[in-house]
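A quick write-up on the structure given underneath.
The values are calculated or read from the model by the stated rules, or taken from the named source; none is laboratory data. Just so it is clear, the model here is predicted, and its values are computed rather than measured. All Cβ positions, even for glycine, are placed from backbone atoms using ideal geometry, and neighbour counts span all protein chains on display. Side chains included, ligands, DNA and RNA excluded: accessible areas come from the protein's heavy atoms. Shrake-Rupley method; radii C 1.70, N 1.55, O 1.52, S 1.80 Å.
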Amino acid sequence: NNTSPYYNDLVKWTVTVKNNGPDVAHDVKVQDLLPSSLAWVSDTGLGNYNHNSGVWSIGTLNVGSTVRLEIVSRVKATGVIENKASVSGREYDNDMTNNNDSERINVKPATDLAIAKLANVSVADFGNLVKWTLVVSNNGPDAATGVKISDVLPSGFVYVSSSKAYSNGVINIGNLAVGQSQSVDIVTRVNATGSFVNVASVSGNEYDYDLSNNRAERSVLINPARI
């Protein structure tokens with residue numbers, strides 16, 4: 001039902017079997033074992049489809065009769081994925097050219113970028129230095145390109161320095177391989193009092209199938225002060 005899905009999407013495959021005759025078919029079986037890049041979710045086989053072996057046991061099929069099986073799978077890889085199916089029965093089959101079929105899907109590159117944010121203190125005084133540490137990771141399944149962190153400092157903090165170029169609230173990380181992490185430190189000076197929340201987010205060029213971990217925040221309380 002979708003030839004260009006994204007990683008972790010659901011894809012429904014429909015297998016249609018017909019007996020063109022001239023006789024009734026017995027012990028009809030379909031072999032459709034999903035490739036490892038597709039995870040079985042459900043099917044309409046009413047127990048007649050074994051997703052572990054890929055065998056759909058149809059049984060008897062009258063002349064001209066058609067049966068269908070729908071298999072719902074979750075995409076667990078990127079690139080071109082091919083799903084093959086074949087049908088057989090007890091009787092002699094006078095045309096083997098239509099006993100096999102396949103369908104392909106093309107899954108775009110995907111990543112799961114994640115960001116964590118830390119502060120070296122949770123409570124500070126006016127004029128203190130506070131260091132924020134940002135850790136960005138790529139959980140895959142593909143390499144990430146054009147990775148950027150957005151971290152606009154709250155009004156109670158003034159930028160002092162950073163371990164990586166920081167401009168207008170943006171830090172360019174670049175490329176991250178699968179499983180790779182990179183950390184960035186930002187040093188700020190407190191110039192106000194009260195409670196402040198510093199929010200950071202990460203993004204990249206590839207499709208990100210889990211946005212729940214693309215944002216992180218940390219609060220710091222600045223004690224009242226007198227001048």
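Between the beta carbons of Val152 and Ser4, assuming R0 = 35 Å, the FRET efficiency works out to 0.50 to the nearest 0.05. For segment 50-177, which whole-number percentage of the solvent-accessible area (1.4 Å probe, protein heavy atoms only) is attributable to carbon and sulfur atoms? On segment 50-177, the fraction of accessible area on carbon and sulfur atoms equals 48 percent.
What the Cβ-Cβ distance of Val160 and Gln180 gives, at R0 = 22 Å and to the nearest 0.05, is a FRET efficiency of 0.20. For Ser102 and Glu70, the difference between the fully extended length at 0.36 nm per residue and the C-alpha to C-alpha distance is 10.1 nm. The residues of the chain expose on average 55 square angstrom of accessible surface per residue, using a 1.4 Å probe on protein heavy atoms. Loop only per DSSP, at most 16 neighbouring Cβ atoms within 10 Å: give me the trypsin sites (Lys or Arg not before Pro) in segment 1-96, ordered by residue number. Here the sparse-neighbourhood loop sites are Lys76, Arg90. Taken over the chain, lysine pairs spaced eight or more positions apart, or on distinct chains, with alpha carbons under 16 Å apart number 10.
The orientation-averaged shadow of the Cα convex hull for segment 40-174, equal to a quarter of the hull surface, comes to 14.6 nm².
Across segment 84-98, computed HN-Hα scalar couplings (Karplus, 6.51 cos²θ - 1.76 cosθ + 1.60, θ = phi - 60°) run 10, 9, 9, 10, 8, x, 6, 7, 4, 9, 7, 8, 8, 5, 10 Hz from first to last residue, x flagging Gly and Pro. In terms of Cα atoms, the Rg and Dmax of the chain work out to 28.1, 99 Å.
Could you calculate the contour length gain from Arg189 to Ala39, that is, 0.36 nm times the residue separation minus the distance between their Cα atoms, to one decimal place in nm?
Going from the current span to full extension adds 49.0 nm.
With θ taken as phi - 60° and the coefficients 6.51, -1.76 and 1.60, list the Karplus ³J(HN,Hα) couplings across segment 28-44 in order, rounded to whole Hz; mark glycine and proline as x. Residue by residue, segment 28-44 yields 6, 9, 10, 9, 9, 8, 4, x, 4, 7, 10, 9, 4, 10, 6, 7, 9 Hz.
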